[in-house]
C-alpha cells in the first residue's frame, strides 16, 4: 500500500511526514509543502474554499484543513485511502501532542511516536474497511460485470496483507494437475467442491475467490454435509458427488481434481501465474480476461463477430453467454 502523509502548519512548516513510496525523490516533502503553501495563498486570496483534492503526478493529493493545521495524503488512484481518513490522522497527531505536551514547532522531535500512532490508525482503518468489503462480497448480488470488477479490484487492496491466502506456487504444487480446470470453472461458473484439511481448505477458498475477477462468488467455507447452491464449498462429505463437466471436485489431501474442463487457454494462464502472489495473479487474470468484457460491451450493440476470437475463447464466451440466461 503506497501512500504519503504530511501534516503542516498554514505557513508550510512541516510537522510530520510518513512515506511508503519507493520513488521518494519524486514526491519529496519540499515539493508537496511548497504546493500546500501555494494553495493556501490561492484559496485565501482567490478561491472561496480550500480544495479537497487535486491530481498530482498521476496520483491523487487529498487535503484537510483544520484551524492552523493542514493534513495531506498522496495516494495511488485505486488506493482504498482517501481524504476521509485525514481528519482521523490529524486527530491522532493531536492526541500524541497532548500526551507528550510538546509545542507544535517541536513536533518533528516526536516523529517516531507520531508515526507509530498513525500506523496503528491506518491498520485499524484498513481492518474496518476489510470487514465491510468482505461482507459486501458475501452479500452483494451484482449482475453487472463492470461493477463486479470494480468491487473486487478494491477488495484486493484490503485483503492483500491477509495471512489467510495460500501462495499460488504452493497451490500449484498441492494440485499439480488440474489448476487450469479450476480457473476455467471459476470464470464460467462451474460449482467447485473442495475436501481435505479444514484449515487448508478454507485458505484455498480464500485464494480462489480472488482468482475470479469476473464474478462475485457465493461461498461456504466449510460444511459437515455437502450442500448445493454454492460456487465454492468446503466439505469432507463427498459421497453423493458426481464430478462432471458441470461440477468440479478438488481433493486437497490427494492433490487431485475431478470433473471440470481443461483448456489450453487456461493452461497458459496457469503457467503465467504460478510464480505470482495472489494479488499479482488477480491482476494478471483480470488483464487477460479483459477481452470478455469488451465482448459483452460489443454484444450490447450488435452481434459479436466470433470469427475475431480464437476457438478457445469462442468456447469460453459461449459458456458465459449460456449462463447469462
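Do we have residue 241 as farther than 20 Å from residue 203 by Cα, surrounded by 15 or more Cβ atoms within 10 Å (Cβ to Cβ) and either over 28 Å from the mean Cα position of the chain (by Cα) or outside the structural domain of residue 199 (by TED's automatic domain parsing) (or both) here?
When the stated conditions are applied, residue 241 passes them.
For the stretch 63-84, give me each residue that is in contact with a helix residue (DSSP H, G or I) (Cβ under 7 Å, 6 or more places away or on another chain) and surrounded by 22 or more Cβ atoms within 10 Å (Cβ to Cβ).
70, 71, 72, 73, listed by residue number.
State the number of residues belonging to the stretch 98-135 that are at pLDDT 85 or above and either in contact with a strand residue (DSSP E or B) (Cβ under 9 Å, 6 or more places away or on another chain) or in the same structural domain as residue 209 (by TED's automatic domain parsing) (or both).
10
For the stretch 244-257, does any single residue satisfy the condition of being surrounded by fewer than 21 Cβ atoms within 10 Å (Cβ to Cβ), free of Cβ contacts under 8 Å to residues at least 12 places away in the same chain, on the phi > 0 side of the Ramachandran plot and not in a helix (DSSP H, G or I)?
Within the stretch 244-257 (the criterion being surrounded by fewer than 21 Cβ atoms within 10 Å (Cβ to Cβ), free of Cβ contacts under 8 Å to residues at least 12 places away in the same chain, on the phi > 0 side of the Ramachandran plot and not in a helix (DSSP H, G or I)), the answer is no, since none of the residues qualifies.
Being touching a strand residue (DSSP E or B) at 6+ places or on another chain (Cβ under 8 Å), assigned to a helix (DSSP H, G or I) and either surrounded by fewer than 20 Cβ atoms within 10 Å (Cβ to Cβ) or at pLDDT below 65 (or both): is that true of residue 138 here?
Values: touching a strand residue (DSSP E or B) at 6+ places or on another chain (Cβ under 8 Å): yes; assigned to a helix (DSSP H, G or I): yes; either surrounded by fewer than 20 Cβ atoms within 10 Å (Cβ to Cβ) or at pLDDT below 65 (or both): yes.
So residue 138 fits the description; yes.
Name the one entry in 267, 294 that is in contact with a helix residue (DSSP H, G or I) (Cβ under 9 Å, 6 or more places away or on another chain) and either modelled with pLDDT of 75 or more or not in a loop (DSSP other than H, G, I, E, B) (or both).
So the residue among 267, 294 that is in contact with a helix residue (DSSP H, G or I) (Cβ under 9 Å, 6 or more places away or on another chain) and either modelled with pLDDT of 75 or more or not in a loop (DSSP other than H, G, I, E, B) (or both) is 267.
Test residue 209 against the criterion of being assigned by TED's automatic domain parsing to the domain that holds residue 235, surrounded by fewer than 18 Cβ atoms within 10 Å (Cβ to Cβ) and at pLDDT 70 or above, and give yes or no. Write out each step before concluding.
Values: assigned by TED's automatic domain parsing to the domain that holds residue 235: yes; surrounded by fewer than 18 Cβ atoms within 10 Å (Cβ to Cβ): no; at pLDDT 70 or above: yes.
Taking the combined requirement at face value, the residue does not satisfy it.
If you check residue 226 against the conditions, is it over 26 Å from the mean Cα position of the chain (by Cα) and assigned to a loop (DSSP other than H, G, I, E, B)?
The answer is yes for residue 226.
For the stretch 20-76, what are the residues that are on the phi > 0 side of the Ramachandran plot and at pLDDT 80 or above?
Applying the first criterion (on the phi > 0 side of the Ramachandran plot) to the stretch 20-76 yields 57-58, 67.
Result: 67, single match.
Quick check, is residue 255 farther than 22 Å from residue 289 by Cα and touching a helix residue (DSSP H, G or I) at 6+ places or on another chain (Cβ under 7 Å)?
Criteria met by residue 255.
Could you list, in sequence order, all residues of the stretch 267-283 that are within 13 Å of residue 172 (Cβ to Cβ) and either more than 22 Å from the chain's Cα centre (by Cα) or not assigned by TED's automatic domain parsing to the domain that holds residue 183 (or both)? Walk me through how you get there before you give the answer.
So the first thing to find is which residues in the stretch 267-283 are within 13 Å of residue 172 (Cβ to Cβ), and the list is 267, 269-278, 281.
Within the stretch 267-283, 267, 271 meet the criteria.
Quick one: in the stretch 212-238, which of the residues that are surrounded by 18 or more Cβ atoms within 10 Å (Cβ to Cβ) and within 21 Å of residue 289 (Cα to Cα) is modelled with the lowest pLDDT?
214
The values are calculated or read from the model by the stated rules, or taken from the named source; none is laboratory data. In this text the structure is predicted, and so the values were computed from the model without any measurement. A quick note on method: Cβ atoms are made from the backbone with ideal geometry, for glycine too, and the neighbour counts reach across all protein chains shown.
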